[in-house]
Amino acid sequence: MENLALTLIYVHALFGGIGLISGIAAITLKKGSLPHKRSGKVFYYAMIISSLVSLVVARMPGHENLFLFLIGVFTVYLVLAGNRALTLRSGTKSNADMTDKTISGVMLLASVLMLIIGIVQKVRHTGGNELLFIFFGAFGLYMALNDFRTFRTFRERKNAWLKSHLGRMVAALIASITAFMVAGLHMQTLIAWTLPTIIGTGYIAYWNIKMKERVVAPVPGK
């Protein structure tokens, strides 16, 4: 069993590395270009495989880790929701379907669970990951609730699909970078866990403002 776990850890690390490299390539390439789309597709599949493998490892005897399991669920949600956001473009479909709602609904429940665990650990002074449970639980809850808002309004909001796609894919890249820092570089600190998220959130906010400026920019000559 331990040999199987070790093999799965290597598989997880391999695809996580591929996801990290392709994800960095995707955000540096011109948005909408063919290289961007191709690197984004590699990132999507690599992160799905890496995260699903991590879910298995996190529940194996001797490797049980509820926090890492829930982070794996979080990462799967991010890449699935980020990819599904592309279907919310104008003319693609008129309403969010059951798949969209299920993905976000599972993340909503997982986020609430993380918050509860974190709060209980904080009150009882047990565990050690209580701040991380609360931090990622709150972050996941915000994203899941925002998904349902987008589902209701994406037909009226021109860039809703793009904001959702960008936000979730960048967040998935943040998860990859965080995993590299914590597992690869053995930086087991609160800063290592949260700094990529803080920087990535700033990057997302920058692009949201930029997209908003494009929408409201005056037409030349008017």
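The table for this structure:
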read-out: 10 Å-binned pair-distance histogram of segment 89-184 (Cα, whole percent); value: 15, 37, 30, 14, 4, 0
read-out: Order of 42, 79 under a 10 Å beta carbon neighbour criterion, fewest first; value: 42, 79
read-out: Spatially proximal aspartates and glutamates relative to residue 122 (Cα-Cα < 19 Å; intrachain offsets below 8 disregarded); value: 130
read-out: Percentage relative contact order, the chain, counting C-alpha pairs under 8 Å, at least six apart; value: 18 percent
read-out: Spin-label model distance (nm) - residue 11 vs residue 185, 7 Å beyond Cα toward Cβ; value: 2.9 nm
read-out: Burial ranking of peptide ranges 167-173, 60-66 (average Cβ count within 10 Å, highest at the top); value: 167-173, 60-66
read-out: Lysines whose Cα lies under 18 Å from that of residue 93, excluding same-chain neighbours fewer than 8 positions away; value: 101, 158, 163
read-out: Cα centroid separation - segment 20-66 against segment 151-210, whole Å; value: 13 Å
read-out: Interatomic Cα distance distribution for segment 1-143, bins of 5 angstrom, percent; value: 2, 10, 15, 16, 18, 17, 12, 6, 3, 1, 0
read-out: Within the chain, helix-based [θ] at 222 nm, where runs of 4 or more DSSP H residues each add -39,500 (n - 2.57), nearest 500; value: -26500 deg cm²/dmol
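Bear in mind that the values in this text are calculations on the coordinates, not laboratory data. The structure displayed is predicted, hence computed values, not measured ones. Note that we place each Cβ from the backbone using ideal geometry, even for glycine, and neighbour counts take in every protein chain shown.
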